[in-house]
Every structure is written in C-alpha cells, then in structure tokens.
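The values are calculated or read from the model by the stated rules, or taken from the named source; none is laboratory data. Everything quoted here is computed from the prediction, not taken from an experiment. Every residue, glycine among them, receives a Cβ derived from its backbone with ideal geometry; neighbour counts consider all protein chains shown. The accessibility values were calculated without ligands, DNA or RNA, using every heavy atom of the protein model including side chains. Shrake-Rupley method; radii C 1.70, N 1.55, O 1.52, S 1.80 Å.
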Amino acid sequence: MDKDRFEKLKKQEASVVRSLLKKQNEMLGQSLLHLDHLIYLQKNISLMSMADISKTLADKLPYILFIRYFSLFLFDKSKKVLRLACHNHPDLKEELVLRPRDSEIMNEAIARGSYILEPDFSKSRFFQREKNPLFEHNFFITIPLMIENEIIGVLNLNDNEKGYFNVTDLDFFLNVSEFISLSISNAQSFEKAERLSVTDGLTGLSNRQHLEALLMSEILRSRRYRTPLSLVMMDVDYFKSVNDTFGHQEGDEVLTGVASIIKKLCRSQDVAARYGGEEFLLILPETNGLGARTIAERVREEVENHRFNHEGKTHSVTISCGIAEINNEENQSVASLIGVADAALYRAKESGRNQTILGGVNEIH
Amino acid sequence: MKFIEVDEFVPEEGLPSLPGQILNILDELSRASAMDYTILQKIQYDPAIALSVLKAANSPLYGYVSKISSLQQAAGLLGPGAIKNIILTTPILERYQDNGGCHAPLDHSKLWLHMTVTATLASGLGRCLGHIETDVCFTAGLIHGVGKIALSAYRPDSLLEGIDSARCEGLPLVEIERRTLGFTHIDIGVRIAKAFSLSDQLIHVLKNCYAPENDKISDLLTGVVCLARDLANSWGFADDIPDGELVGRNELFSLLNISQKNLEEWTPGLREKVELVLQA
C-alpha cells in the first residue's frame, strides 16, 4: 500500500473514530443521567405508605422518565380490577376502577406479563376511540408491574418532548418500573402487616392471627420444656339478644367490658385475644387444666357480677368457657387445642351456659 | 525480538472492534423505535462484541446455572441495557497506526467478514443437519478465529510478519507462530475463551478448528464450523491468512454424515443467507 493511500485511510478512520467518540460520550452522558434519576427515584419512593408513593410518583415520575403523561393502576387480585393509584392526566377521574378487559392493552400486558409498546397507538389494534388531543406524539407503552411473577399493577406511559423513544429509553423505563414495583410491593406488604398485626381494634386484645402465632410458640415452648399449657375459649351467652335489645353500640360496650375483665384477671404471661365476634381466647402458659378452670371461673364470676349501664339502666351478661390443656401427644397443635376448647365450650353452652367445662381430646369431632 | 506471553492477549476490557462497526451499532441503539432484536441483528456480525456478550453472560455476576454457548441466548438473558453498556465500552481497534511501511496493513474488515460469513454458514449448515443447535453453530463460527483477532489487534506486526513468512515458506501460520512466538493464535483464542469463562463446547471448537488433535475432528460442532469456514473461503470470503492444509471435505462429510450431493442441495439456501448478511 502506498503512503498516500495509507494516509487517506488513516484520515478516514480518524473521522469515524471522532464520530464514534462523540456518540459514545453522548450515550455515556445519557446513561449517567438515567443512573442519577434511578438513584433519585429509589431514594424518594422507598416509603412504607402507598399514598406517599403515589404522591411522589405523580410529582416526579414524568421528570424522571422524560415523559409527558403517565398513569399507574394497581391490580386488586381478589376483585380482579385495576384501581388508578396515581397519574398526571388533567382529565382522568381520581377514583377510576377498571376491569382489565375494559382496557385491552392493559389486559394483554397483564396476560403476557411483559411490556407492550405501540410506536403509533392510533394505528394499533388497541385503539378504539378518538385520539387524545393531549398527546402530541402517538407512542404508548404499557408495562406490567410484577413481583416474583405476580402482577401488582400496570404503568402506562405516553408522549415526550423529543417525540420518539429508542431502545435506551425503553430499557430505562423497564428499570424504573422494577424499582416502582419493589417499592409498591414493600408498601403493600407493610400496610397489610400493619392491618393484620397484633391488636383487635375494638377491645385492644390481641387479634386472632396474633393469638394463633403466639399459641404456636407457646405450644413449642411447652413441648420443649415439658411444661403445662392451657387454653380457655369464652363466649358471651345470648350476645345476639344484647344487640337486639340494646343495640350494637351496647353490644360493643359489653365486648369491651368483658375484655377489660379478662385483661384485669390475666397474669403477666397470659395472652388474651378476641377470637371472633363475641368469642375470646386466653392462653395460659405453665397452667394445667385445673389451674385454667380456676382462672376461667374467676373471669366467669366477675363477668356475671359486672353491671353494664345503658341509658340509666343496668344489665348483665354471662359467659361460658371451654378449656383445653396440652396433656398428650395427640393434642399438641394449634388447631387441635382450639378444637378441644371449642368442643368444651359447646358442651358448656349445651349444659345451660354460664359455666366452665374442661375438655378432652375425645371431644373433637 | 521482544518476548511475548499468551496472557498479554487476554484483554480485561474485551477485544477491540472496528470503529465503523461500533458506530453503526450505537446509531442503531439511538434510532427512534429501535427494538431489542435489531441490536441483536447488529451485534451478531461482530466477533469482538459477541465475545464480550458471552463473557458477561457467563460471568459469576449473572450466575446462570449452565454455561451459555449461544450469543442469541446470552443477549436474551442480559437484556438491552447490559448489551448497550458492553457496546459502549468496547475498545476501538486502531488500524492505521504507522507500521514502518514494511508490511501492508492487515485487512481487518476482511477478517471480520470472514468470521461473519463463517457464522452464517455454520448456522445454515446446523439448520440443514437438523440435530444441532443452530445458535451455537452461529456463535462458534463467529468466534472461531478469536485468536487471530486478538493477535491482529495487539500485535499486528507479529501477525503480518508471520503471514509473510508463512507465504514465503509455504507453511501454515501456526507453524511459523510456534517457531517465532512460541505459541499460536489458537493458543491465544483458547486462553481468551478460558479467561472469559466460555463453555467447554466453544473452547473445544477454538482448540480444534485450525489444528485438530491427531489431525482428526471428533465433534459435530467443530465439524460444522470447519465446513462453514471451508465454504466461506471457497466462496471468496477468506481472511487471507495462510492456514495451510485444514481438514479435508471428505473427512468433514463423513463426520457430519452428509454427502457432496447434500451440500449441493443446501448451497442455494446457504448462499441466500450469505447475501442477506452482505446486505446488512
């Protein structure tokens, strides 16, 4: 190769390299900007409340994604509906609830579990009505929000300043949607945990879920240390007639009053819970059946002697109690212990109410 | 002569690629509405980028249970974001450095095209054979000459001297390399493939496709790549590097259990695939 030809090729390549470096620089800059936005979003939506996340997304998501409009729907799995959680469309109803089939594009994204991208939505098979005058550009992206292959919502994105999107934009959208999914899932789990956690709203006693967890750990402790454990199930006699006679508010007063008596007579290690409507459970660690009977009787007598005031008149209620105790290998699960106490309670009711019966394993049917 | 070691050819940042090639792919990435598959279409013609994609997919970071032998599978697992970063960080191959004027500069484009055509033909042959993964055939064809690429990128003078000597003495390049460097481009390719944690299947191809152990090829994949390379050379897509006498057609036919007639029947389809590559 002669020198001139070599120099010519060298110059040509230098020109290509310059263009390449310029392009690389531009794309690296964009990547860094995306990374910055991603970190900023992650910091701002690491929240424990869905309402706070929705507010943050409504304020910041368009700027983070460089898009004009978005809407985020949460999928209610039990009711199979999509609820609008947040958006920045000026005309969208705040309380919008859709069945997935009301929006074909969201329905399909949910069914496929992957994004749907329409470069020109008005020409797509999903287009049904007239064109939205808000949108200058026609691309539409629907991204299902997923956690461990479960759909938790759908994110819709449309319109941006530059008028098109490329694979880098799409990749960024998908990364952001993963962060959003994670934050939403965390907040939903936290809110659910909060709802289900520890106390019963009316009586202040432990709720059923908490009681069952505690009972499980007490059973394990009882097995490990070979200590007795008893369970008392209590039910307010003729509670329906209290509600019918005095109204539901007074019914609530009765439940609160019975709960107060139980709490007052409980020892520090005992756990009292509201098990159902007018049913209470008392876990009595290190207490055998006879000891449990003594405590249950004390509660029963105290309730019987208690006077409830209602509009200047007094009335009283009674309770029936069924007891179960861990005493052999067949009676060592949460379900079986509750089953025995329940059967004993049933017998107490059958035998005339306002009494305490110590149950046995044979009573479970 | 300065002492060279094989490890010098194992680049941490991946093998360099041709600037025009990288620019094309980056332009494609920035194009309005470009989608994942168009990126794959572009990167599948670049052995250096393909190798980096395979390296990433087989790295412990992603921790896939089995080794990934196909570029298509690797690209699918990594996703467009990771692919974009690989392309963005691919080093640029500087071809027209002063070489003292003692050799004609190496035609890298020819080398790249040879690998691409071999990959396309290997994939096509795989499809015709029917019982071998075509994506793996393609990938093996694309990277089978990775040692040559590394040598051309990092020691172009050594390669050019080797080519000149091989031509003058009528010997295959590997013989000259053994004598002058103490190792061959095959050793370089295998060393890179091992350093990049490529699958044993691909390493076996790199090890055997130029100078098979005991002059005999025993596995189908290497056979497919050798036949594809042979066809690429005979159809005018040779890399112009004297490889010497490679495995004969008849031996390849016997290994692949095909006949000259089969190959003749498949030829129009294979030529069509090559035409499509040239248009891309």
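Structure notes:
- In summary, the aspartates and glutamates within cross-link reach of A:Lys43, defined as a Cα separation below 17 angstrom excluding same-chain residues under 8 places away, comprise A:Asp52, A:Asp59, A:Glu178.
- Ranked by the mean number of other Cβ atoms within 10 Å per residue, highest first, peptides A:336-343, A:170-177, B:271-278 order as A:336-343, A:170-177, B:271-278.
- Take the accessible area of A alone and of B alone, subtract that of the pair with a 1.4 Å probe, and the total buried over both chains is about 2400 Å².
- Extending 7 Å from Cα along the Cβ direction at A:Glu304 and again at A:Leu290 yields two label points whose distance is 2.1 nm.
- Enclosed volume per residue, in Å³, of the convex hull spanned by Cα atoms of the protein assembly as shown: 260 Å³
- Angstrom value of the Kirkwood radius, inverse mean 1/r, which spans all Cα pairs in segment A:147-260: 19.8 Å
- Shape of segment A:173-223, Cα gyration tensor, a/c cut at 1.5: oblate
- Where Rh is the Kirkwood radius over Cα pairs, Rg/Rh for chain B: 0.95
- Modelled spin-label separation between B:Arg271 and B:Thr89, with each label point placed 7 Å from Cα along the Cα-to-Cβ direction: 4.5 nm.
- 3J(HN,Hα) along segment A:149-157: 6, 9, 6, 10, x, 9, 10, 10, 10 Hz, from the Karplus curve 6.51 cos²θ - 1.76 cosθ + 1.60 with θ = phi - 60°, whole Hz, x for Gly and Pro.
- Accessible area of A:Glu301 in the full protein assembly, 1.4 Å probe (Å², nearest 10): 90 Å²
- When the surface is traced with a 1.4 Å probe over the full set of protein chains, B:Arg95 keeps roughly 50 Å² accessible.
- 3J(HN,Hα) from dihedral phi, segment A:82-91, Karplus parametrisation 6.51/-1.76/1.60, rounded to Hz, x for glycine, proline: 9, 10, 5, 9, 7, 6, 10, 7, x, 10
- Trypsin sites (Lys or Arg not before Pro) within segment A:59-129, DSSP loop, no more than 11 other Cβ atoms inside 10 Å: A:Lys77, A:Lys79, A:Lys80, A:Lys93, A:Arg125, A:Arg129
- Inter-chain shielding of B:21-27 (mean C-beta neighbours from other protein chains, 10 Å cut-off): 4
- The portion of the accessible surface of the protein assembly as shown made up by carbon and sulfur, rounded to a whole percent, is 49 (1.4 Å probe; DNA, RNA and ligands excluded).
- Peptide A:16-29 shows a mean partner chain C-beta count of 5 within 10 Å per residue C-beta.
- Normalised by 2.2 N^0.38 Å, where N is the number of residues, the C-alpha radius of gyration of segment B:111-238 stands at 1.03.
- Candidates per trypsin sites (Lys or Arg not before Pro) in segment B:167-255, loop by DSSP, up to 16 other Cβ within 10 Å: B:Lys216
- Kirkwood-Stokes translational diffusion coefficient of segment A:208-363, alpha-carbon pairs, 20 °C, 1.002 mPa s, µm²/s: 137 µm²/s
- Percent RCO, i.e. relative contact order, over segment B:104-279, from Cα pairs under 8 Å lying at least 6 residues apart: 31 percent
- Backbone geometry of segment B:38-51 corresponds, through the Karplus equation with coefficients 6.51, -1.76 and 1.60 at θ = phi - 60°, to 3J(HN,Hα) couplings of 5, 5, 4, 4, 7, 6, 6, 9, 10, x, 5, 5, 4, 5 Hz, x marking Gly and Pro.
- The amide H of A:Cys86, built 1.01 Å from its N in the peptide plane, has A:Leu72 as neighbours under 5 Å, considering only residues 5 or more places off or on other chains.
- For segment A:28-195, the convex hull spanned by the alpha carbon atoms encloses 117 Å³ per residue.
- For A:Tyr238, residues with placed amide H under 5 Å, excluding near neighbours: none
- Gaussian network model of chain A, springs between alpha carbon atoms under 10 Å - residue of A:Met146, A:Met50, A:Met27 with greatest fluctuation: A:Met27
- As a ratio to 2.2 N^0.38 Å, the alpha-carbon radius of gyration computed for segment A:64-128 takes the value 1.17.
- Cα pair distances exceeding 13 angstrom across segment A:284-352, given as percent: 70 percent
- Chain A: relative contact order as a whole-number percent, Cα under 8 Å and 6+ apart: 12 percent
- Whether segment A:90-181 is rounded, prolate or oblate, judged on the alpha carbon gyration tensor where a/c under 1.5 counts as rounded: oblate
- Drop in accessible area of at least 10 Å² in the complex versus isolated chain, residues of segment A:156-186, 1.4 Å probe: A:Tyr164, A:Phe165, A:Asn166, A:Val167, A:Thr168, A:Leu170, A:Asp171
- Kirkwood-type hydrodynamic radius, segment A:232-295: 12.6 Å, calculated from all non-identical alpha-carbon pairs.
- Note on A:Tyr63 and A:Glu95: the extension gain reaches 9.1 nm, defined as 0.36 nm multiplied by sequence separation minus the Cα-Cα distance.
- Result for chain B in a Gaussian network model with C-alpha springs under 10 Å: among B:Asp46, B:Asp187, B:Asp27, the largest mean-square fluctuation is at B:Asp27.
- Folded to 0 to 90 degrees: helix A:208-225 orientation relative to chain A principal axis, Cα: 70 degrees
- Cα coordinate range in chain A, projected on the principal axes (Å, largest first): 112, 51, 34
- Once the Cα atoms are used to define both axes, helix A:50-65 deviates from the longest principal axis of chain A by about 0 degrees.
- Build a GNM of chain B with springs between Cα atoms under 10 Å apart, and of B:Leu78, B:Leu125, B:Leu173 the one that fluctuates most is B:Leu78.
- Computing FRET efficiency as 1/(1 + (r/R0)^6) for A:Ala213 and A:Ser78, where r is the C-beta to C-beta distance and R0 is 30 Å, gives about 0.85.
- Shielding by partners for peptide B:82-93, expressed as the average number of C-beta atoms from other protein chains within 10 Å of each residue's C-beta, is 3.
- At 1.567 mPa s and 4 °C, Stokes diffusion of segment B:19-88 via Kirkwood alpha-carbon radius, µm² per second: 107 µm²/s
- Å² of accessible area per residue within the protein assembly as shown, as computed with a 1.4 Å probe and no ligands counted: 48 Å²
- The angle between the Cα long axis of helix A:167-196 and the main principal axis of chain A comes to about 10°, on a 0 to 90 degree scale.
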